[in-house]
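Have a look at the structure below, then the notes.
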Amino acid sequence: MVFKTYLKECEIVSQLTPLGTPQCYGVAKKMKQTMLDMIRSMMSNATLPKSFWGHALDTVALTINMVPSKSVEKTPYELWFGKSQICLILKMGLRSICQTSDV
């Protein structure tokens, strides 16, 4: 009951699926595959050891959260924090510089 109240306060829409029905996991499965493809692409173009997979995953998650989707006009970051964020990715490994603006 407390968790449902928390979700309602944070305006989070809970979408439950029946237990043991993997056919209902389509969106999550597609996102996982997209993220893995992005990570593999990044790692294949870099000469880094496999220990950098975690950093690549962080970069992929950041990238996905900074890009608008078809279903929503704003980026996930703008929806969560109410302001846009300009992110400059430098060609220095997986390092990035982000600047927040109150646009």
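The values are calculated or read from the model by the stated rules, or taken from the named source; none is laboratory data. In this text, all values refer to a predicted model and were calculated from it rather than measured experimentally. Please note: Cβ atoms are built from the backbone with ideal geometry, for glycine as well, and neighbour counts cover all protein chains shown.
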*asked:* Can you report the number of residues in segment 13-40 which are in a loop (DSSP other than H, G, I, E, B) and exposed (fewer than 11 other Cβ atoms within 10 Å of the Cβ)?
replied: 8
*asked:* Of everything in segment 57-82, what is of a type in the set (A, V, I, L, M, F, W, C) and over 22 Å from V27 (Cβ atoms)? Give them in sequence order.
replied: F81
*Taking only segment 41-50 into account, find how many residues are surrounded by 12 or more Cβ atoms within 10 Å (Cβ to Cβ) and either small (G, A, S) or under 15 Å from I64 (Cα atoms) (or both).*
3
_Looking at the structure I just gave you, is G82 loosely packed, with under 13 Cβ neighbours inside 10 Å, at pLDDT 75 or above and within 14 Å of the chain's Cα centre (by Cα)?_
no
*Pairs with Cβ under 7 Å, 6+ apart, first in segment 61-75 and among the hydroxyl-bearing types (S, T, Y), second assigned to a loop (DSSP other than H, G, I, E, B)*: T75/V67; T75/P68
*Just checking, how many residues over segment 1-47 are within 20 Å of L79 (Cβ to Cβ) and small (G, A, S)?*
2
*Hits in segment 1-12 - residues which are among the aliphatic types (A, V, I, L, M) and either part of a helix (DSSP H, G or I) or touching a residue at least 40 places away in the same chain (Cβ under 8 Å) (or both)*: V2, L7
_Single residue of segment 1-37 satisfying the filter (polar (S, T, N, Q) and in contact with a helix residue (DSSP H, G or I) (Cβ under 6 Å, 6 or more places away or on another chain)) that is nearest to L62 (Cα to Cα)_ = S14
